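Working notes, beginning with the structure itself.
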Amino acid sequence: MQVSNKTDIRRLSADELKTMLEKEGQPAFRTKQIFQWLWQKGANSFDQMSNLPQELRAWLNEHCVIYTLKLETTQKSDDGTIKSAFSLYDGKSIEGVLIPSLDRITACISSQVGCSLQCTFCATAQLNLQRNLSAGEIFDQVVFLNQQSNSQFHKPISNIVIMGMGEPLLNYKSVMSAINHITSPDGLGMSPRRITLSTSGIAKMIKQLADDNFACNLALSLHAADNVKRSQIMPINDSNSLEMLANALKYFYEMTHTRITYEYVLLRDFNDSMQDAKNLALFCRHTPCKVNIIEFNPVSHAPHRASTVEKTMAFIEYLQSKNIIVNMRRSRGKDIDAACGQLANKLAKKNAL
Ligand code: SF4
């Protein structure tokens, strides 16, 4: 795999780009022009930058590079869900998903190649962590999925969830930079209220989000409100206990006044009992929140099964009886490799052959 030794221009801040251009005798306004091409118009080559002088475009081509995603494969489900696997400049693979529903089109994007956390219900865990994505690679998924949404559904994406491969809070700088470019008026101009960052729960970084005035929504992959059980399916809980998370979430709520979403995948005979529902209801008392109950999407190696309809209904009814807002999230794309990490996993294995 040939990796260029040119400057990856999207890793430069505006100030760094300005300094580089000044050394070449370029006026300051070129920085803004180039930034707009990169982060507003999603340009993937310097030749597209039609308002730059020919000599500057040639200089940029010689010294800089824009690493872009390459679409490798797409799978479309009968329910409209479209999953795409992308290859990166170094041959690694990630995936992004477009999920249409009645009132919205959601783009689910990845933050890392693979993941260092070993949640037992997740296909991405099998890939281990290969590397962090750059802000540009995170941003590109949004640009690509938005184009795909326009061509397939004739409307742009309405929501973004950073819930694909990887733990976003372990790639904090790039994720925050990508969000900044997605929401900035000089970028895609999307409302932060339409973006949700989903974390497996890194208490220290949740506090960091609060200190950084995070304006997007925050979802916690909770999946068990009991430390013993949660540690069994999410080893990150060993170092970030429910008590530490509750503390961090209270701080987050105090600083941002944003209601927390708890993601809870119902696993048969593991976390779907009445006692589990009671534990969850108790955890929900820490801050204003809502709960998304998620139907389990089977993953080949996972030792879990989806809960039954009866237990699911009883679980939801109990939470509602405690005045908790509950949404049921049906598993989407059951007929394709829709569980997080499945498609990229396949592609990675194929590329390794
Ligand atoms: S669920 Fe998220 S945090 Fe857990 S292994 Fe999968 S990608 Fe990583």
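The values are calculated or read from the model by the stated rules, or taken from the named source; none is laboratory data. From a predicted model like this one, the values you see are computed outputs, not experimental measurements. Cβ: placed from backbone, ideal geometry, glycine included. Neighbour counts: every protein chain shown.
When the residues of region 277-326 are filtered to those that are of a type in the set (Phe, Trp, Tyr), out of contact with any His (no Cβ under 8 Å at 6 or more places or on another chain) and surrounded by 18 or more Cβ atoms within 10 Å (Cβ to Cβ), which remaining residue is farthest from Ile260 (Cα to Cα)?
Only one residue tops the list, namely Phe315.
Of all the residues that make up region 189-244, how many are within 13 Å of the ligand (Cβ to nearest atom), of a type in the set (S, T, N, Q) and part of a loop (DSSP other than H, G, I, E, B)?
2
Would you mind telling me which numbered condition in (1) in contact (Cβ under 8 Å) with a residue 60 or more places away in the chain; (2) under 16 Å from the mean Cα position of the chain (by Cα) Leu127 fails?
(2)
When only residues in region 69-88 that are surrounded by fewer than 19 Cβ atoms within 10 Å (Cβ to Cβ) and assigned to a loop (DSSP other than H, G, I, E, B) count, which is farthest from the chain's Cα centre (by Cα)?
It comes out as Asp78.
Can you tell me which residue among Ser241, Ser221, Ser307 is free of Cβ contacts under 8 Å to residues at least 24 places away in the same chain and of a type in the set (Gly, Ala, Ser)?
Being free of Cβ contacts under 8 Å to residues at least 24 places away in the same chain and of a type in the set (Gly, Ala, Ser) holds for just one of Ser241, Ser221, Ser307, which is Ser241.
Pick from region 108-135 the residues that are farther than 14 Å from Lys83 by Cα, hydroxyl-bearing (Ser, Thr, Tyr) and at pLDDT 95 or above: which of them is nearest to the ligand (Cβ to nearest atom)?
Residue satisfying both the conditions and the ranking: Ser111.
On the basis of being surrounded by 14 or more Cβ atoms within 10 Å (Cβ to Cβ) and among the charged types (D, E, K, R), does Arg230 make the cut? Break it down into steps so the answer makes sense when it comes.
On the way: surrounded by 14 or more Cβ atoms within 10 Å (Cβ to Cβ): yes; among the charged types (D, E, K, R): yes.
Spelling it out, Arg230 is indeed surrounded by 14 or more Cβ atoms within 10 Å (Cβ to Cβ) and among the charged types (D, E, K, R).
Quick check on my filter: what residues within region 80-104 are of a type outside the set (Gly, Ala, Ser) and touching a Gly at 6+ places or on another chain (Cβ under 9 Å)?
Residues of region 80-104 of a type outside the set (Gly, Ala, Ser): 81-83, 86, 88-90, 92, 94-95, 97-100, 102-104.
The answer is Thr81, Ile82, Lys83, Phe86, Lys92, Ile94, Glu95, Val97, Leu98, Ile99, Pro100.
Return the residue satisfying two criteria in turn: it lies in region 190-201 and is of a type outside the set (A, V, I, L, M, F, W, C) and without any contact (Cβ under 8 Å) to a residue 60 or more places away in the chain, and of such residues it is farthest from Val265 (Cα to Cα).
Initially, region 190-201 is screened for residues of a type outside the set (A, V, I, L, M, F, W, C), giving 191-194, 196, 198-201.
Narrowing further to those that are without any contact (Cβ under 8 Å) to a residue 60 or more places away in the chain: 191-194, 199, 201.
Numbers: Ser191: 28, Pro192: 25, Arg193: 24, Arg194: 22, Thr199: 14, Gly201: 15 Å.
By that ranking, first place goes to Ser191.
Given Phe139, Phe121, which one is more than 14 Å from Ser93 (Cβ to Cβ) and either of a type in the set (S, T, N, Q) or under 12 Å from the mean Cα position of the chain (by Cα) (or both)?
On the way: Phe121 fails: either of a type in the set (S, T, N, Q) or under 12 Å from the mean Cα position of the chain (by Cα) (or both).
None of the others qualify; the one that does is Phe139.
How many residues does region 136-183 hold that are small (Gly, Ala, Ser), farther than 15 Å from Ile105 by Cβ and more than 16 Å from the ligand (Cβ to nearest atom)?
Total meeting the criteria: 3.
Quick check: anything in region 275-286 under 24 Å from the mean Cα position of the chain (by Cα), among the basic types (Lys, Arg) and part of a loop (DSSP other than H, G, I, E, B)?
Checking region 275-286: not a single residue is under 24 Å from the mean Cα position of the chain (by Cα), among the basic types (Lys, Arg) and part of a loop (DSSP other than H, G, I, E, B).
Can you name the number of the only condition in (1) crowded, with 21+ Cβ neighbours inside 10 Å; (2) under 25 Å from Leu266 (Cβ atoms) that Ser101 fails?
(1)
Quick one: how many residues across region 259-282 are of a type outside the set (A, V, I, L, M) and under 24 Å from Ile195 (Cβ atoms)?
5
Could you please let me know if Asp103 is among the acidic types (Asp, Glu), assigned by TED's automatic domain parsing to the domain that holds Thr258, at pLDDT below 95 and more than 16 Å from the ligand (Cβ to nearest atom)? Even if it seems obvious, please write down each step before you answer.
On the way: among the acidic types (Asp, Glu): yes; assigned by TED's automatic domain parsing to the domain that holds Thr258: yes; at pLDDT below 95: yes; more than 16 Å from the ligand (Cβ to nearest atom): yes.
Taking the combined requirement at face value, the residue satisfies it.
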